[in-house]
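So the structure is just underneath, and the comments pick up after that.
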Amino acid sequence: MVRLSLAMILCLLMVTSGCGKAPSESSSKIKSQDPASVQNKGTIGFSALTLTNPFFKVIADNMQEEAAKHGYELIVLSAERDVKKQADHVDEFLVKGVSAIILNPCDSNGIGPAIKKANDKGVPVFTNDIKYDGDEGKVVCHVATDNYQGGKLAGEAMVKLLGDSGGKVAILHFPQAESCQLRVKGFHEIVNAHNGKTKNAKIEVVATLDGGGVRDEGFKGTKDVIESNPDLAAIFAINDPSALGARAALEAAGKADQVTIIAFDGQQIGKQAILEGKILCDPIQFPDQIGKVTIEQIIKYFNGDDVKTEILIPSKLHYKEDAEKDPLLKG
Amino acid sequence: MIFMLLLLVILFSVLTVKQQHPTGANAGDQVGKTILAQYGKGARVLVVTRDTEEDRGFAQAAIDRLKAAGADVLGQVNGSAIDARKTIESILAEGQTIDAIAANDVTAKWTVYDRFPSVGSAKCVTPKPYMWPNFLKLSNLMSVANQTAIYAIIAIGMTMVIITAGIDLSVGSLVALASVSSAIFIRDYCGGTEASVTMVVLGAFVGIGICAAAGAFNGLMVTAFQIPPFIVTLGMMMMASGLSFRLAEGRSIPELPSAFFWLGRGQTFGLPNPVLLMIVLYLLAHFVMSRMVFGRYIYSIGGNEEAARLSGVPVKRVLLAVYMICGALAGLGGIMLTSQLSAGDPKFGLMYELEVIAAVVVGGTSLMGGQGKIFGTLIGAFIIAVIKNGMNLTDVDPFNQKIVLGAVLTAAVLIDRLKRHA
């Protein structure tokens with residue numbers, strides 16, 4: 001009976017690994033017709049922060065497409081925010097002999113030893129979206145949204161909204177993430193510049209709360225803010241989920257018409273909310289661009305071109321008019 | 001169990017057979033010979049490698065072989081494709097031509113050579129590839145053992161707890177608590193990156209001690225107040241996690257001296273320290289469980305607690321000790337993880353309790369208590385590690401991996417059931 005169960009497990013395993021194997025088998029066939037080494041220039045390993053967040057899925061899909069165009073195969077693994085798991089992924093990439101490694105570091109410091117290991121084996125490491133902070137290993141190039149510029153755009157949208165009347169504003173922050181710090185910094189800069197110019201229509205930031213970047217924290221934070229500031233005019237949320245949490249709190253308190261929300265990101269749910277008028281506008285990120293540009297840098301690197309150490313992709317303001325043009329959204 | 005592990009090893013060895021590309025001195029020598037045979041003794045050669053130890057050996061051997069035969073080594077690139085471009089540019093600027101490029105598999109794949117019409121990647125001469133499974137590479141086997149060591153060490157304590165018919169859900173959070181508390185202790189009281197070796201050892205014991213205390217608390221609640229272990233340790237899981245986030249203020253703590261990294265990243269006798277520690281602890285635990293009275297007490301409590309008490313086993317003291325050992329080993333795991341990843345972090349250890357319980361159960365220990373072997377757990381931990389590693393090496397989709405691991409766990413419990421009824 002024990003043997004039977006063992007056989008069962010192994011069958012299952014064969015089936016699953018069989019499914020996974022199909023693409024790599026076909027690629028090794030290409031390799032064996034050797035002049036076609038142009039066809040397969042090697043593999044690139046990508047360990048994503050998580051694939052359950054659509055943002056990173058879009059990055060992964062676009063990288064896969066772009067890599068295939070240039071004759072590289074991209075292996076995608078998901079570290080699910082666990083830095084040890086990500087370090088293990090790097091080990092496995094090195095065993096497989098990948099040409100390059102792309103990471104969304106799960107921890108800006110903790111991934112250092114793994115990057116160092118790749119450096120020692122001569123495998124170049126690239127990062128996108130999340131930057132590696134330590135000094136132990138070396139990253140060739142980092143590609144991300146220009147969060148500082150995006151924060152400024154959010155500030156400009158806020159000035160456009162409240163520039164003539166002034167009003168109280170709350171910020172739903174996520175201070176742990178460097179990207180969000182930059183967003184809020186850019187936002188403050190524009191708002192402060194406006195306040196310096198005007199006398200009566202000052203935009204006053206009355207509260208900065210940790211919205212955790214998630215729906216329920218955004219909901220709770222906003223509830224508290226409208227308790228203490230019943231005359232709140234607007235909220236700047238550092239991403240879409242916390243903005244939608246805020247919106248739910250405003251609706252529950254009957255203040256949805258009084259308080260306008262400006263968010264950040266431009267995920268599908270965010271764009272949908274803009275279309276429905278729940279969020280005024282988002283400075284949107286372009287994960288597809290992030291993915292493509294990252295692969296382009298790898299191609300450039302192997303081509304012997306100089307590669308910049310950091311590439312920032314500017315974000316753009318996305319209003320209801322833009323959302324209406326989007327064929328992917330339901331009206 | 002060991003039979004199944006062997007089957008898995010064979011399975012993944014077959015599935016991961018791939019072309020391997022040699023590098024290092026022998027390969028360099030071979031490439032040198034090939035170039036001499038193809039282009040004659042007057043060949044003008046460029047040697048292109050990366051700046052790694054193996055590649056330097058490759059380059060040196062190739063250059064020695066070529067020079068000994070009188071060939072002309074135009075230049076040597078030791079770095080990236082960008083360096084290769086610069087070197088080729090300067091060689092061409094001097095009006096020289098390149099007959100051949102001595103490269104290894106990786107540098108030959110660079111596209112930089114095609115920028116120059118007179119060079120082209122067709123001029124690359126690379127060492128002959130051979131077939132060997134990726135899974136059976138020494139570096140892979142080492143990294144599997146290294147990746148498993150922490151789970152396996154925590155699983156020792158968990159095996160003991162489960163043999164007493166208990167469970168400990170708090171180990172994952174205790175990993176984080178040990179990591180954070182020792183990192184903070186070293187940062188605030190021992191001078192952070194300047195801390196001496198003695199202080200590092202002290203810091204590690206502070207983390208382990210706190211976790212042992214937490215384990216003792218679990219044990220006390222279970223024995224003195226008869227609260228089910230599931231509930232007690234669930235409570236501890238939340239408390240320890242909350243406490244570590246609070247202590248670390250939600251951030252990671254990288255201010256650690258390099259002496260701290262020896263445990264997780266160093267090597268002794270050619271084996272990574274975590275693996276060595278794992279082997280020592282398993283031998284010790286096996287001795288305790290099979291040769292010592294304490295071990296026999298643990299089995300008898302799991303078999304029938306009432307009968308054990310009536311026959312004079314100090315049930316409460318033994319249970320307290322078992323939960324304390326489990327906590328302390330989770331703390332040790334946390335210290336090792338901190339050492340491996342060079343920072344203390346409250347996010348460490350997430351879901352470890354499930355990984356560890358899975359290893360124990362797959363290893364044949366019964367959740368009903370009274371049955372199980374320490375080495376079974378070690379094999380269980382390796383079965384899970386080998387499946388994970390093998391699936392990553394064979395490019396199984398990340399979502400499918402979860403399905404397989406879940407199925408393996410269920411099947412292991414099924415086997416446990418069938419055995420009992422058979």
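Here are some notes:
- The set of residues in the range B:166-209 that are part of a helix (DSSP H, G or I), closer than 23 Å to B:ILE156 by Cα and of a type in the set (S, T, N, Q) comprises B:SER173, B:SER179, B:SER181, B:SER182.
- When each of A:ASP257, A:ASP210 is tested for being more than 18 Å from A:GLN181 (Cβ to Cβ) and in the same structural domain as A:ARG183 (by TED's automatic domain parsing), the lone residue that passes is A:ASP257.
- Members of the range B:283-311 found to be over 15 Å from B:VAL322 (Cα atoms) and touching a Gly at 6+ places or on another chain (Cβ under 6 Å), listed by number: B:GLY303
- Yes/no for A:SER78 being among the hydroxyl-bearing types (Ser, Thr, Tyr), facing another protein chain (nearest Cβ under 7 Å) and closer than 18 Å to B:ASN134 by Cα: no
- The helices (runs of 4 or more DSSP H) falling completely within the range B:287-356 that include 1 or more residues that are assigned by TED's automatic domain parsing to the domain that holds B:ASP188 and touching a Cys at 6+ places or on another chain (Cβ under 8 Å) map to B:315-341.
- Criterion (among the β-branched types (Val, Ile, Thr) and touching a Gly at 6+ places or on another chain (Cβ under 7 Å)) met by exactly one of A:ILE295, A:ILE311, A:ILE284, A:ILE226: A:ILE284
- One residue stands out among those in the range B:263-272 that are surrounded by 15 or more Cβ atoms within 10 Å (Cβ to Cβ) and within 14 Å of chain A (Cβ to nearest Cβ): the one that is farthest from B:ILE184 (Cα to Cα), which is B:PRO272.
- Boolean, B:VAL386 is at negative phi and assigned to a helix (DSSP H, G or I): yes
- Qualifying helices (runs of 4 or more DSSP H) (wholly inside the range A:234-331; at least 1 residues being away from chain B (no Cβ under 14 Å) and acidic (Asp, Glu)): A:240-252, A:287-302, A:320-325
- Taking first residues from the range B:8-20 that are outside any helix (DSSP H, G or I) and partners that are of a type outside the set (A, V, I, L, M, F, W, C), the Cβ contacts under 6 Å between residues at least 6 apart in sequence or on separate chains come to B:THR16/B:PRO133; B:THR16/B:ASN134; B:VAL17/B:PRO133; B:LYS18/B:ASN134; B:GLN19/B:PRO129; B:GLN20/B:TYR130.
- Residue within the range B:90-101 that is over 23 Å from A:VAL95 (Cβ atoms), surrounded by 15 or more Cβ atoms within 10 Å (Cβ to Cβ), touching a strand residue (DSSP E or B) at 6+ places or on another chain (Cβ under 9 Å) and among the hydroxyl-bearing types (Ser, Thr, Tyr) present: no
- Tabulated pairs, the range B:47-62, first at the interface with chain A (Cβ under 10 Å from one of its Cβ atoms) and surrounded by 24 or more Cβ atoms within 10 Å (Cβ to Cβ), second assigned to a helix (DSSP H, G or I) and aliphatic (A, V, I, L, M), C-beta under 6 angstrom, 6+ apart or interchain: B:THR49/B:ALA59
- In the range B:372-407, the qualifying residues are those that are aromatic (Phe, Trp, Tyr) and under 26 Å from A:GLY97 (Cβ atoms), and the one that is farthest from the other protein chains (Cβ to nearest Cβ) is B:PHE382.
- Of all residues in the range B:409-422 being at the interface with chain A (Cβ under 8 Å from one of its Cβ atoms) and surrounded by fewer than 20 Cβ atoms within 10 Å (Cβ to Cβ), the one that is nearest to B:LEU15 (Cα to Cα): B:ALA411
- Scan of the range A:90-115 for residues that are under 23 Å from A:ALA177 (Cα atoms), assigned to a helix (DSSP H, G or I) and at the interface with chain B (Cβ under 7 Å from one of its Cβ atoms), ordered by number: A:GLY112, A:PRO113
The values are calculated or read from the model by the stated rules, or taken from the named source; none is laboratory data. Just so it is clear, the structure is predicted and the values come from calculations on it, not from any experiment. Glycine gets a Cβ as well: all are built from the backbone with ideal geometry, and neighbour counts include every protein chain shown.
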